[in-house]
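FYI, it's all coordinate maths here, none of it is from the lab. In this text, all values refer to a predicted model and were calculated from it rather than measured experimentally. All Cβ positions, glycine included, derive from the backbone under ideal geometry; neighbour counts span all protein chains shown.
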């Protein structure tokens, strides 16, 4: 059985970069997840920045949206307000915008799984219903 999942920066970078220490774990985790993976422009921007020394990988990342591997969720001005509220609620955690955008989508779209290597931030976050997100891969 495959599940819907949000995807964070770390797995995107790891899957594209074969020399990344988490490459194999992230590629194997794809067997558990239904595509397209859902992400946001802040996540893609962060991934492109981390891959900036490899323009070929940045191009593959961007093309993956057109090819149906990734779906970039639309965020509106109303979503920005809610994201700011998440940042305010967790001000002591110093969450990055990319992570907050995924946390918001989890609540907004009812997605309970996040494909991330960032265990710290996503283990702290709770949805509006008080639930913790399921994190893949299990390292």
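For a Förster distance of 41 Å, can you work out the FRET efficiency between the beta-carbons of residue 34 and residue 97, rounded to the nearest 0.05? That pair, residue 34 with residue 97, gives E of 0.95. Computed packing ranks the peptides 9-16, 122-129 as 9-16, 122-129, most packed first, by mean other Cβ atoms within 10 Å. Is the range 1-69 best put as rounded, prolate or oblate by its Cα gyration tensor, with a ≥ b ≥ c the root eigenvalues, rounded for a/c under 1.5, and otherwise prolate when a/b is larger than b/c, oblate when not? Note, shape of the range 1-69 comes out oblate.
Highest-first packing order for the peptide set 34-45, 96-107 is 96-107, 34-45, based on the mean count of other beta carbon atoms within 10 Å. Only helices enter the 222 nm calculation for the chain: every DSSP H run of n ≥ 4 contributes -39,500 (n - 2.57), and dividing by all residues gives -14500 deg cm²/dmol, rounded to 500. Between 92, 121, 56, the GNM of the chain built on Cα springs shorter than 10 angstrom shows 92 fluctuating the most. With both labels modelled 7 Å from their Cα along Cα-to-Cβ, the residue 129 to residue 56 distance reads 4.5 nm.
Helix 41-50 and the long axis of the chain differ in direction by around 50°, with both axes built from C-alpha atoms.
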